[in-house]
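Participant: Would you mind keeping the following structure in view while I ask a few things?
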Amino acid sequence: LEVLRQVGDVHVCPQDRPLTAPELREAVRGAHAIVAMLHDRIDADLVAAAGPQLQVVANVAVGYDNIDVPAVTGRGVIVANTPGVLVDATADLAIGLLLMVTRRLGEGERLLRARQPWTFHLGFMVGTGLQGKTLGIVGLGDIGQAVARRARAFGMSVAYTGRRRAAAEVEAELDARFLPQDELLRTADVVSLHCPLTEQTRHLIDEAALAAMKPTAFLINTSRGPVVDERALAKALQEGQIGGAALDVFEREPEVEPALLDLDNVVVVPHLGSATTETRTAMAELAARNVAAVLTGAEPPTQVRP
Ligand code: 8YV
């Protein structure tokens with residue numbers, strides 16, 4: 001807010017719920033800049049509702065699937081996002097989820113909180129170790145690489161798939177093998193999703209993909225909910241087709257597929273990937289700097305090119 005107030009008047013919308021489409025249209029009328037969250041749908045209609053003075057839409061997120069970038073930039077409005085600053089927080093969360101689901105931490109905590117009796121024995125609540133296992137990363141961008149680096153420290157080997165191959169230095173540093181998607185799904189012990197949501201990645205993990213995974217494999221999703229067909233995932237878990245899943249994001253956020261909540265081998269958290277004070281502060285500041293740059297005629301630090 002301090003950064004923004006140096007360049008203009010600021011109108012703060014309620015934060016406790018997403019605005020409805022009419023409320024959003026009303027809120028942006030006459031604005032020169034919009035600071036948007038992932039649930040704000042920014043398209044040609046919204047740009048028209050704002051008016052011809054609109055110069056920039058700054059998303060407080062690295063993902064920008066909520067923005068119709070060609071439509072917005074086609075109307076001469078700059079789009080910006082917040083890459084970089086949330087890489088570590090999101091990678092940390094992915095590893096947290098990985099440990100939770102493989103070591104049954106949520107299940108154990110639920111048992112104690114339910115004040116259930118328990119006795120230590122050699123077979124009690126045993127999970128899966130990570131040493132020597134293969135982490136299959138879908139999308140070896142900044143976050144995927146940060147997850148791979150952490151997984152290497154746990155003794156995992158790294159394979160990846162994606163639209164393009166990583167640079168040779170990155171592959172060498174992480175000792176990461178590039179595999180076609182079907183082979184990655186067939187061989188990974190853990191599949192972790194780090195791709196953006198696009199028309200190509202929507203339901204990338206569908207019934208067939210889940211059927212290709214090992215029956216012992218775990219799925220981690222800290223990318224975007226619709227990358228996974230959530231109903232197919234619930235069915236695959238119910239039928240024991242995969243070993244478990246840990247999800248930070250959901251297909252119809254804030255709703256969570258109810259069948260998932262009945263399963264002990266599922267970990268769910270409410271879109272917490274970037275939720276640290278340090279990271280959220282850095283994201284907000286970067287979004288504000290993007291706005292301030294455009295409104296003062298400078299180059300925004302992190303512009304999204306169509
Ligand atoms: C954000 C995210 O917290 O950056 C992203 O793409 O998903 C999260 O880090 C969220 O999008 C808030 O708008």
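Participant: So how many Å³ per residue does the convex hull of the Cα atoms of the chain work out to? Don't skip to the answer; put the middle values down first.
Facilitator: On the way: hull volume 45.2 nm³, N = 306.
Spread over its residues, the Cα hull of the chain gives 148 Å³ apiece.
Participant: Identify the trypsin sites (Lys or Arg not before Pro) of region 1-57 meeting these criteria: DSSP loop state and at most 12 other C-beta atoms within 10 Å of the C-beta.
Facilitator: Qualifying residues, ordered by number: Arg29.
Participant: Considering only DSSP states other than H, G, I, E and B, which GluC sites (Glu not before Pro) in region 198-262 qualify as loop sites with at most 15 other Cβ atoms within 10 Å?
Facilitator: The qualifying sites are Glu199, Glu239.
Participant: Between Phe124 and Glu239, what is the label-point separation in nm under the 7 Å Cα-to-beta-carbon projection?
Facilitator: 3.6 nm
Participant: For region 68-85, just list the computed ³J(HN,Hα) in residue order, Karplus coefficients 6.51, -1.76 and 1.60, θ = phi - 60°, integers in Hz, with x standing in for Gly and Pro.
Facilitator: Going residue by residue, I get 7, 4, x, 5, 6, 5, x, 9, x, 9, 7, 10, 9, 9, 10, x, x, 5 Hz, with x marking Gly and Pro.
Participant: What number comes out for the charge environment of Met213, summing +1 per Lys or Arg and -1 per Asp or Glu over other residues with Cβ under 15 Å away?
Facilitator: -3
Participant: Follow-up. Of the DSSP beta bridges with both residues in region 87-268, give the percent that are antiparallel, rounding to the nearest 5.
Facilitator: Here the share of antiparallel DSSP bridges comes out near 5 percent.
Participant: Test of understanding: what is the full-extension gain from Thr281 to Arg115, defined as 0.36 nm times their sequence separation minus their Cα-Cα distance? Don't skip to the end; give the middle numbers.
Facilitator: Values: separation 166, 0.36 × 166 = 59.76 nm, distance 3.81 nm.
Fully extending the segment from Thr281 to Arg115 adds 56.0 nm.
Participant: Can you tell me the length gained on complete extension of the stretch Gln6 to Arg177, counting 0.36 nm per residue apart and subtracting the Cα distance? Can you show the working numbers first?
Facilitator: Values: separation 171, 0.36 × 171 = 61.56 nm, distance 4.81 nm.
56.7 nm is the gain from fully extending Gln6 to Arg177.
Participant: Which far-off residues, 5 or more places away or on another chain, put their amide H under 5 Å from the one on Ala246, with H placed in the peptide plane?
Facilitator: Leu219, Ile220, Asn221, Val267
Participant: Considering only DSSP beta bridges whose two residues both sit in the chain, what percent are antiparallel, to the nearest 5?
Facilitator: Taking every DSSP beta bridge within the chain, about 10 percent pair in antiparallel fashion.
Participant: Still on this model: For region 87-268, compute the orientation-averaged projected area of the C-alpha convex hull (one quarter of its surface), in nm².
Facilitator: With every direction weighted equally, the projected area is 10.6 nm².
Participant: Still on this structure, I have one more. Separation between the Glu26 and Leu261 pseudo-spin-labels, each 7 Å from Cα along Cα→Cβ, expressed in nm?
Facilitator: 3.1 nm
Participant: Can you send over the carbon and sulfur percentage of the accessible area for the chain, probe radius 1.4 Å, protein chains only? Before the final figure, lay out each step's value.
Facilitator: Details: 8260 of 15500 Å².
Solvent-exposed carbon and sulfur of the chain make up 53 percent of the total.
Participant: Now for a separate question. Please work out the average accessible area per residue across region 1-107, using the 1.4 Å probe convention, and give it in Å².
Facilitator: Heavy-atom accessible area per residue stands at 50 Å².
Participant: Here's a follow-up. When the helix-only estimate is applied to the chain (DSSP H runs of n ≥ 4, each -39,500 (n - 2.57), divided by the residue count), what is the mean residue ellipticity at 222 nm, nearest 500 deg cm²/dmol?
Facilitator: -10500 deg cm²/dmol
Participant: Still on this structure, I have one more. Tyr160's amide H: which non-local residues (gap 5+, or another chain) put their own amide H closer than 5 Å, with H modeled 1.01 Å from N in plane and none for Pro or chain starts?
Facilitator: Amide H neighbours of Tyr160, under 5 Å, 5+ apart: Ile137, Arg177, Phe178, Leu179.
Participant: Under the rule a/c < 1.5 gives rounded, and otherwise a/b versus b/c splits prolate from oblate, where does region 172-305 land using the Cα gyration tensor?
Facilitator: prolate
Participant: List the residues whose amide H sits under 5 Å from the amide H of Ile34, counting only those 5 or more places along or on another chain, with H placed 1.01 Å from N in the peptide plane.
Facilitator: Val56, Val57, Ala58
The values are calculated or read from the model by the stated rules, or taken from the named source; none is laboratory data. A quick note: this is a predicted structure, and the numbers were derived from the prediction, not measured. Ideal geometry is used to build each Cβ from the backbone, glycine not excepted, and the neighbour counts take in all protein chains shown. Accessible surface areas use protein heavy atoms only, side chains included; no ligands, DNA or RNA. Shrake-Rupley method; radii C 1.70, N 1.55, O 1.52, S 1.80 Å.
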